[in-house]
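The values are calculated or read from the model by the stated rules, or taken from the named source; none is laboratory data. Everything numeric here is computed off the predicted structure, so don't read it as measured data. No Cβ is skipped: glycine too gets one built from the backbone with ideal geometry, and neighbour counts run over all protein chains shown. With ligands, DNA and RNA removed, areas are computed over all heavy atoms of the protein, side chains included. Shrake-Rupley method; radii C 1.70, N 1.55, O 1.52, S 1.80 Å.
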Amino acid sequence: MITRPTIKPWIEQIHAYVPGASKGSDGRELVKLSANENPLGCSPEVREALAAAENPALYPDPDATALREAIGALHNIDPARIVCGTGSGELLHGAVQAFASAGDEVLFPRWSFSLYPLLAQKVAATPVLADAPDHAPSVDALLARVSDRTKVVLLDNPNNPLGGWLPAGEVARLHAGLPADVLLVVDQAYAEFVGEGDPDGALALADANENVLVTRTFSKAYGIAGERVGWATGTPYLMAALNRLRGAFNVTQAGQRAALAALGDQDFVAHVREENRAARTAFVEALAALGNHGIRAVPSEANFVLVLFDGSLTAREAQAAVQEAGYAVRYLAGQELDNALRITIGTREQMAEVAEAIRRAAESA
């Protein structure tokens with residue numbers, strides 16, 4: 001009889017993360033508007049930093065010292081209260097791993113970053129979804145689902161895939177309504193698209209409270225998703241936990257150099273924010289003209305728009321039409337949004353072509 005190691009039963013319930021598509025069903029390369037990558041790329045300073053010579057035989061600085069100092073200088077945070085990670089995903093995982101386990105609950109809005117349920121399942125905790133009325137995160141809905149088993153609340157702000165954003169007053173109200181022994185994690189992956197500094201006040205909350213953790217990433221506005229660099233901040237108590245759980249040499253030499261260079265070019269980040277806002281506004285206005293076809297864009301503060309198809313044109317048909325025009329977008333049936341597409345904001349020209357493809361499909365449906 002052949003024997004083998006036994007996988008824990010709860011692991012078999014996990015649905016692995018599915019990345020955004022970049023090819024059509026026929027294998028044709030498409031413009032990738034399915035992964036919220038930066039259509040403007042990265043700062044020229046980043047490219048120069050990545051081209052610099054390095055010795056690949058040496059381990060990177062395990063503490064990312066220079067990078068943490070630069071992050072701290074930009075955001076007025078003590079570098080000792082910053083931990084860098086392999087993207088923000090490693091740090092989100094560490095936060096859930098540190099504070100939730102079997103029998104506990106991890107709470108987040110119904111439509112949130114698809115990694116969140118996996119984070120809960122990986123520690124055998126129960127994912128709990130709060131309602132998101134009219135496709136927007138709700139503080140009241142989150143607080144209504146808090147129980148004595150809740151250990152972690154995850155809030156992506158702006159939200160992915162909805163694009164909605166809770167302002168500082170609402171984030172503060174959410175924190176005030178949570179028990180002191182519940183960790184609030186504010187995932188600010190898209191914060192730079194809202195504005196400079198601390199647009200939702202979470203960094204200030206993390207500075208003053210033992211139960212608030214904020215994560216950020218260099219993958220979106222900074223345009224270095226390929227280098228996998230993120231960071232988190234909170235009190236020394238929380239940073240100690242993350243430092244124990246993170247990989248020993250988690251951020252590569254190249255990643256640290258790229259992120260340092262990216263931080264040094266805030267003009268590029270401002271340009272990305274302005275271009276994203278302009279392209280997003282024009283795209284939403286083009287879709288608004290299709291309202292009589294049952295097509296609606298959910299208000300977004302991020303670098304993508306959730307588009308709802310409630311008329312004769314289905315989301316799948318719209319996806320096919322956009323793909324025929326040469327673009328890959330995200331179909332969200334796996335997140336119980338089978339009437340929706342999440343469309344990353346590309347350049348103004350690209351978004352005009354996507355809107356035109358949807359218009360033609362809607363008028364012929």
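Some notes on this structure:
- Sum of side-chain charges, GLU227 neighbourhood, beta-carbon under 12 Å (Lys, Arg +1; Asp, Glu -1): +3
- Fully extending the segment from GLU48 to ALA240 would add 65.8 nm, taking 0.36 nm per residue of separation and subtracting the current Cα-Cα distance.
- Computed P(r) (all Cα pairs; segment 252-365; 5 Å bins; percent): 2, 12, 20, 21, 15, 9, 8, 7, 4, 2, 0
- Alpha-carbon centroids, segment 39-83 and segment 306-365: separation in whole Å: 37
- Between the listed residues ALA288, LEU91, GLY24, the Cα displaced farthest toward the positive end of the dipole of the chain, a dipole computed from Cβ unit charges relative to the Cα centre, is found at GLY24.
- Packing-based ranking of 42-48, 145-151 yields 42-48, 145-151, ordered from highest to lowest mean Cβ neighbour count within 10 Å.
- Prolate/oblate/rounded call for segment 207-280, Cα gyration tensor, a/c under 1.5 rounded: oblate
- Inter-centroid distance (Cα atoms) of segment 206-265 relative to segment 170-199, Å: 16
- Taking 25 °C and 0.890 mPa s as conditions, segment 1-122 diffuses translationally at an estimated 128 µm²/s according to Stokes-Einstein applied to its Kirkwood radius (Cα pairs).
- Of all DSSP-defined beta bridges confined to segment 44-264, some 30% are antiparallel rather than parallel.
- With θ taken as phi - 60° and the Karplus curve 6.51 cos²θ - 1.76 cosθ + 1.60 applied, the whole-hertz 3J(HN,Hα) list for segment 244-261 is 6, 9, 6, x, 5, 10, 6, 9, 5, 4, 5, x, 5, 5, 5, 5, 4, 5 Hz, x standing for glycine and proline.
- P(r) of the chain over all Cα-Cα pairs, binned every 20 Å from zero, in whole percent: 29, 57, 14, 0
- Whole-number Å³ per residue for the convex hull built on Cα positions in segment 86-195: 91
- Within segment 318-333, backbone nitrogen closer than 16 Å to the virtual label 7 Å beyond the Cα of GLU29 toward Cβ: 326-328
- The mean accessible area for residues of the chain, using a 1.4 Å probe and ignoring ligands and nucleic acids, is 44 Å² per residue.
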